[in-house]
Amino acid sequence: MAPLYAPFSVNKSDHLQVSDVHSIYWEECGNPNGVPIVFLHGGPGGGIDDNDRRYFDPSHYRSILFDQRGAGKSTPHASLEDNTTWTLVSDIEALRQHLGVEKWIVFGGSWGSTLALAYSETHSDRTLGLILRGIFTLKREELEWFYQKGADFIFPDYFDKYKEPIPEAERGDMMAAYYKRLTGDNEEEKLKCASAWSAWETRTSKLIVDPGFVAKAEDPKWSLAFARIESHFFVNGGWMADGQLIADAHKIAHLPIVIVQGRYDVVCPAKTSWDLYQALGGEGNKGVEYRIVVDSGHSAKEKNTEQLLVDAAEKFKSIKG
């Protein structure tokens, strides 16, 4: 049986205009008077789905989810204009204020963990605690491991398919080569590259390859936003200093934090989560828990990872909003 809560509906949803260009889709679920918790999706560019709210007990939590700029139901679709780590941090604050939330728990996995760290290190006074999964801090070494050299030693067959759309002469910087095509004028090439980029990530995300998840990359709307926005953030280094989020971890070390990490995560290997844990004080900080999932990869949709995320949300019920 899945560890998630049974499906439940959205209480209310709308769009919030956060700039002259961008309008973000948001939804609120669960107990309207409950402890607020905000869910930050991955990618960037991945968007939310109906299962994302199911980590949170609807009788206890007021769960708030939204599609980041350019993703999901937010508009304009796949837009890169004024779309940076720091505009997304501002959007989270704008949404908090719009919904009348004083403080909330921040929940994020993969890119969502990046954004959760960037937000909480900027607004620790608005953060009750963090639940983080598959830690990614956008360091150059993390990006090069997965998109250039490293993960290809484990998935050489899938990496060959990822390399295929890029001429051999440009393969010395795969992210830059993809970005050029994903932002170019050749629509056919753009869609081909979006599918190949997205398939590389979906094929490697779970310990056991999930054909149903891989098929998601065949959806041109989803894959275009996913690949365009990811490559945009990655070639720009997230608009932050390399290693900044780890260096600034001391700003949130006083908060309760749970880190959930798949042992066999190839997309965001465990070293980054371990570095974050040590920067937060490691075993000497009793407010931080580091939980390795011994039989999982990167995806939040693997059963034992789901279980630990639900367990973390259950533990955080002791936090009062």
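Data overview
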quantity: Pick from the stretch 15-74, criterion assigned to a loop (DSSP other than H, G, I, E, B) and of a type in the set (Val, Ile, Thr), ranking: surrounded by the fewest Cβ atoms within 10 Å (Cβ to Cβ); calculated: Val21
quantity: Tabulated pairs, the stretch 18-36, first among the polar types (S, T, N, Q), second part of a strand (DSSP E or B) and crowded, with 21+ Cβ neighbours inside 10 Å, C-beta under 6 angstrom, 6+ apart or interchain; calculated: Asn31/Arg62
quantity: Subset of the stretch 130-142 [crowded, with 21+ Cβ neighbours inside 10 Å and under 15 Å from Phe233 (Cα atoms)]; calculated: Phe136, Thr137, Leu138, Glu142
quantity: Among residues of the stretch 63-86, those that are free of Cβ contacts under 8 Å to residues at least 40 places away in the same chain and not hydrophobic (A, V, I, L, M, F, W, C), counted; calculated: 1
quantity: Unique match (being of a type in the set (Gly, Ala, Ser) and more than 23 Å from Lys315 (Cβ to Cβ)) among Ser273, Ser231; calculated: Ser231
quantity: Arg62 over 19 Å from the mean Cα position of the chain (by Cα), among the basic types (Lys, Arg) and under 23 Å from Arg133 (Cα atoms); calculated: yes
quantity: Failed condition for Val101, given (1) within 26 Å of Asp20 (Cα to Cα); (2) in contact (Cβ under 8 Å) with a residue 40 or more places away in the chain; (3) part of a helix (DSSP H, G or I); calculated: (3)
quantity: Conditions (1) under 18 Å from the mean Cα position of the chain (by Cα); (2) closer than 14 Å to Glu230 by Cα; (3) surrounded by 22 or more Cβ atoms within 10 Å (Cβ to Cβ); (4) in contact (Cβ under 8 Å) with a residue 24 or more places away in the chain: number failed by Thr204; calculated: (2)
quantity: Residue list for the stretch 162-198, filter: buried (at least 16 other Cβ atoms within 10 Å of the Cβ) and assigned to a loop (DSSP other than H, G, I, E, B); calculated: Pro165, Ile166
quantity: Count of residues meeting criterion [closer than 18 Å to Leu130 by Cα and charged (D, E, K, R)] in the stretch 291-318; calculated: 6
quantity: Residue list for the stretch 239-258, filter: within 20 Å of Leu88 (Cα to Cα), in a helix (DSSP H, G or I) and not hydrophobic (A, V, I, L, M, F, W, C); calculated: Gln244, Lys251
quantity: Which listed residue, of Ile252, Ile208, is closer than 17 Å to Ser113 by Cα and of a type in the set (Val, Ile, Thr); calculated: Ile252
quantity: Test for Gln261: is it outside any helix (DSSP H, G or I) and modelled with pLDDT of 95 or more; calculated: yes
quantity: Extreme residue, surrounded by the most Cβ atoms within 10 Å (Cβ to Cβ), among residues of the stretch 270-298 that are out of contact with any helix residue (DSSP H, G or I) (no Cβ under 7 Å at 6 or more places or on another chain) and under 20 Å from Gly46 (Cβ atoms); calculated: His298
quantity: Which numbered condition Leu88 misses (of (1) surrounded by fewer than 16 Cβ atoms within 10 Å (Cβ to Cβ); (2) touching a helix residue (DSSP H, G or I) at 6+ places or on another chain (Cβ under 8 Å); (3) in a helix (DSSP H, G or I)); calculated: (1)
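The values are calculated or read from the model by the stated rules, or taken from the named source; none is laboratory data. Quick caveat: nothing in here was measured; it's all calculated off a predicted structure. Please note: Cβ atoms are built from the backbone with ideal geometry, for glycine as well, and neighbour counts cover all protein chains shown.
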